[in-house]
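First the structure, in the form of structure tokens, and then the observations on it.
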Amino acid sequence: MKDIMNMNVKKIAFGAAVVFFTNFAFAQTVQDGINSIDSDKFAQAKTNFTNMIASAPTAENYFYLGNTFLKQGEPDFAAATDSFNKGLAADSKSYLNKLGLATVKLGKGDKNAIAEIQKIVTDSKEKDAEVLFRAAEALTLFEKNNSPDLAIQFLNKAIERAAKKEVPAHYYYTLGDAYRLKRMPGDAMSAYDKALPLAKNKASVYTRIGTLWMAAQQWQQAKTSIEKAISTDPSYAPAYKALAAYDIRYQQNAKATQDLINYTKYADEDPYTQLEIAKLYFTNEDYANSKQVLDKIFDKINDPIKFKLRAYQLFADGKYAEAKQNMDSFVSQAEKSRVQPADQGLQGLIAAGLAKTETDAAKKSALTAEAQQKIAIAKGAKDETMKWDMELAKIAGGGASQADVDAGPSNPAIDALKQKVAANAQDTDSLFKLATAYQDVKNWNGAIQTWQKMSTILPDWAPAYYSLGYSYQQAGNNDAAKISYEKYISTVKPAEVDANKQTLAYAYFAVAYLSKDSDVAKAKDYVAKSVQLDPTYQDAVKLNAEINK
């Protein structure tokens, strides 16, 4: 699934505006709701603003409630729209609620909403810092639909207006988020640095800084910032979500699970927050917990996104027919703009899974064609939610499930190594020995599974891909073997070529041999490279002569 380390800015909880009322206690109530949003306590925020509306049904209060529905993990556009319309009924000139409705349009993919937001700001004569801020926030909320340049322009004006008293920290938060969307990490960090001394809860700033470091792949700085956030406020839920992203990156599954338990503890029981937790468990390959959380809130959520997550879970279990039913439900109910290339790629993989067991020749051919066409859409969009070719190869070849591993040969040495890996999933020495031990007893599914874990922990260590290719080849899954060998070839660094000539020669030969009946041009190219690397490699010399007759 999509890499959660590049965290969508709306996922890491923004601050929001402080509204100054003559009644101090009332202002504190507004701030309580805003603080709840910033802490991923959306149910608490909704209750807060609903109670405020009950006592004072003002346009502003309706806006804050509606905006809460936009800020949660998956926006509830219908509930937000209802609240904004009620705000306009209370005050037909409310710029905030007009912005709210335009934000809904933008979230649904209507790019004309950007011009609409700009006009609302112009109509307001740019006198109100809060209107400027909310317009800018709207333009940074959505990963696919945004306008960071215009957001930065509005934010600078909002900061200028607010400077007469004191610039709220969240103005700088959002300025940093806008620069992130522009892929200007230096400017984003400067904005966050300005927010730090102003913020009442510095954990919020440290968390943003940490996720910015993660986006820049500066992992140690990221961890340091997130740890600062947690030490500053151990109850700040978004910090644990960021830490889970860090631990998932390093395949520290047990730690990531604990992070998610803490996130659940300090966020709240809002169904949409729980949906985010289910997604994170899935990314952590903790399918049991992901399913448990989703089952608990499935009937409480109207958003069709629930069907997509269930489809991923079912696909992971090899339940292709049920996965298709859920994906069909998602596609038929969701806004068209929410159906991403990755979703079509998943539909393609599901079709490939169904084709494998289809006995009707015409249906099998149609499913195969659908699989190729939809996976091509995901690959054409350069989507990396899943390893499309490898997933397709795994479906074709089968194997490497836990049941297949357990059914294969074993011995006491393997059992002991399995215990070591279970105690420490990051123990690469034990993983290497376990994979080799599986190969020694010809438990190729065990070797495949273990080399996959090794390549995930050490993605730049080329030998893992070579051994994975060899294991797939021995298991009879030639398509997956070919992909693994090619990954090995591309991972070997130029400075390492001389030291790995013989192994590279075999990898090139293997790809050539496995491609000779389906892609002769590729086979000729690869076998020539094999011979060039090792002119004494007789199998490559012989194949080179045969395919160049």
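From the backbone phi of the range 454-462, what are the Karplus-calculated ³J(HN,Hα) couplings (6.51 cos²θ - 1.76 cosθ + 1.60, θ = phi - 60°) in whole Hz, Gly and Pro given as x?
Calculated HN-Hα couplings, in order: 5, 5, 6, 6, 10, x, 9, 8, 4 Hz.
Give me the percent relative contact order of the chain, please, defined on Cα pairs under 8 angstrom at least 6 residues apart.
On the way: 815 pairs, mean separation 43.9, N = 549.
Result for the chain is 8 percent.
Counting only protein heavy atoms and a 1.4 Å probe, tell me what percentage of the range 443-543's accessible area is made up of carbon and sulfur.
Percent of accessible area from carbon and sulfur atoms in the range 443-543: 49.
Hey, what did the range 207-337 get for relative contact order, percent, Cα under 8 Å, at least 6 apart? Intermediate values should be presented prior to the final figure.
Details: 143 pairs, mean separation 18.7, N = 131.
This gives 14 percent for the range 207-337.
Below 19 Å, Cα to Cα, which aspartates and glutamates can Lys223 reach? Residues fewer than 8 away in the same chain don't count.
Asp3, Asp193, Asp233, Asp247, Asp259
Can you give me the distance in nm between label points at Gln532 and Ser337, each placed 7 Å from the Cα along the Cα-to-Cβ direction?
4.9
Taking Cα atoms, how many degrees apart are the long axis of helix 42-55 and the longest axis of the chain, rounded to 10 and kept between 0 and 90?
Between helix and principal axis, roughly 20 degrees.
How far, in nm, would the chain grow between Glu358 and Lys300 when pulled straight, counting 0.36 nm per residue and subtracting the alpha carbon separation? Don't jump to the answer; show the numbers that get you there.
Details: separation 58, 0.36 × 58 = 20.88 nm, distance 3.55 nm.
Contour length minus the Cα-Cα distance gives 17.3 nm.
What FRET efficiency would be calculated for the residue pair Glu166, Ala369, taking the C-beta separation as r and a Förster radius of 45 Å, to the nearest 0.05? Numbers along the way, then the final one.
On the way: r = 62 Å, r/R0 = 1.39.
It comes to 0.10.
Once R0 is set to 30 Å, what does the formula 1/(1 + (r/R0)^6) return for the Cβ-Cβ distance between Lys379 and Asp519, expressed as a FRET efficiency to the nearest 0.05? List each step's numbers first, then the result.
Working: r = 17 Å, r/R0 = 0.56.
Efficiency computed from Cβ-Cβ geometry: 0.95.
Report the label-to-label distance for Tyr287 and Asp389 in nanometres (one decimal), using points 7 Å from each Cα along the Cα→Cβ vector.
2.4
So how many Å³ per residue does the convex hull of the Cα atoms of the chain work out to?
On the way: hull volume 94.9 nm³, N = 549.
So the per-residue hull volume is 173 Å³.
Measure off, as a whole percent, the carbon and sulfur share of the 1.4 Å-probe accessible area of the range 149-217, all protein chains present. Each step should come with its number before you reach the end.
Values: 1530 of 3100 Å².
C and S fraction of accessible area: 49 percent.
Strictly over 27 Å apart at the Cα level, which of Lys255/Lys493; Lys98/Lys241; Lys228/Lys279; Lys165/Lys241; Lys71/Lys98; Lys108/Lys202 would you flag in this model? Don't jump to the answer; show the numbers that get you there.
Working: Lys255/Lys493 32 Å; Lys98/Lys241 32 Å; Lys228/Lys279 25 Å; Lys165/Lys241 34 Å; Lys71/Lys98 17 Å; Lys108/Lys202 33 Å.
Violating the 27 Å limit, Cα to Cα: Lys255/Lys493; Lys98/Lys241; Lys165/Lys241; Lys108/Lys202.
Over the range 435-483, give the accessible area per residue in Å² for a 1.4 Å probe, as an integer. Write out the running numbers ahead of the final one.
Values: 1820 Å² over 49 residues.
That works out to 37 Å² per residue.
As an exercise, use a Förster radius of 51 Å and the Cβ-Cβ distance of Ala403 and Gln221 to find the FRET efficiency, rounded to the nearest 0.05.
On the way: r = 42 Å, r/R0 = 0.82.
Calculated transfer efficiency: 0.75.
Against the longest principal axis of the chain, how steep is helix 361-380, in degrees 0 to 90 to the nearest 10, with axes from Cα atoms?
Tilt relative to the chain: about 60 degrees.
With a point put 7 Å past each Cα toward its Cβ, work out how far Asn156 is from Ser329 in nm, to one decimal.
Inter-label distance under the simple model: 4.9 nm.
Which angle between 0 and 90 degrees, to the nearest 10, do you get for helix 112-123 versus the longest principal axis of the chain when only C-alpha atoms count?
So the helix axis and the longest Cα principal axis differ by about 20 degrees.
Quick one: accessible area per residue over the range 262-404, 1.4 Å probe, rounded to a whole number of Å²?
For the range 262-404, the solvent-accessible area averages 48 Å² per residue.
How much of the accessible area of the range 287-380, probe 1.4 Å, is carbon plus sulfur, in whole percent?
On the way: 2350 of 4710 Å².
Roughly 50 percent of what the probe reaches on the range 287-380 is carbon or sulfur.
The values are calculated or read from the model by the stated rules, or taken from the named source; none is laboratory data. Worth saying up front: this structure is predicted, and the values here are computed from it rather than measured. We place every Cβ from the backbone using ideal geometry, glycine too, and count neighbours over all the protein chains shown. These area figures cover heavy atoms from the full protein model, side chains too; ligands, DNA and RNA do not enter into them. Shrake-Rupley method; radii C 1.70, N 1.55, O 1.52, S 1.80 Å.
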